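Quick notes on the structure that follows.
Nothing in this text is a laboratory measurement; each read-out follows from the coordinates by a stated rule. As the structure is a computational prediction, the values presented were derived from the model and not from experiment. Here the Cβ positions follow ideal geometry from the backbone for every residue, glycine too, while neighbour counts run over all protein chains shown.
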Amino acid sequence: MGKFEKGQSGNPGGRPREVAEVRELARLHTPEAVATLVEIMQDKDAPPASRVSAANSLLDRGFGRPQQALSIGGDVDEPIVISASSEALFALMLSKGCTDAEISQAISSGNVIE
C-alpha cells in the first residue's frame with residue numbers, strides 16, 4: 001500500500017455528502033427513538049434482555065459509554081484507560097498485532113473491562 005506525502009490528505013474529497021444526509025435524517029427521529037427505548041425499558045412484559053438493552057442504550061446516549069481499561073503488551077503495571085466502543089478497542093488491539101484469541105482472553109480475564 002502506498003504512503004501519502006507529508007501534508008497530503010488520504011481523503012481529499014472529504015466525507016461523502018450521503019453520510020451527512022443519512023445522519024441528518026436519523027437525527028430527525030431522535031425523540032421517537034428515545035421514546036421507543038423508554039417504552040421498551042418500562043414494558044414489564046418485554047423480555048429482560050430487551051429491557052436491559054434499551055436501558056443501556058439510553059444510558060450510553062445520555063452519559064456516553066463507560067470507560068474501558070485496555071493493557072496492550074509490555075510491562076505496564078497500570079492499564080491504559082481508553083473511552084471507546086468495544087469495536088474500537090478490538091480494532092486497536094488488532095492494530096497492535098493481538099490475535100482474536102488474545103483479545104478474547106484479555107476480555108475474559110478482566111484486562112479489558114466492558
- Note on the structure: Quick calc: nm separation of the 7 Å Cα→Cβ label points for D100 and A20 -> 3.8
- Separation of the S53 and R65 label points, Cα + 7 Å toward Cβ, nm: 1.6
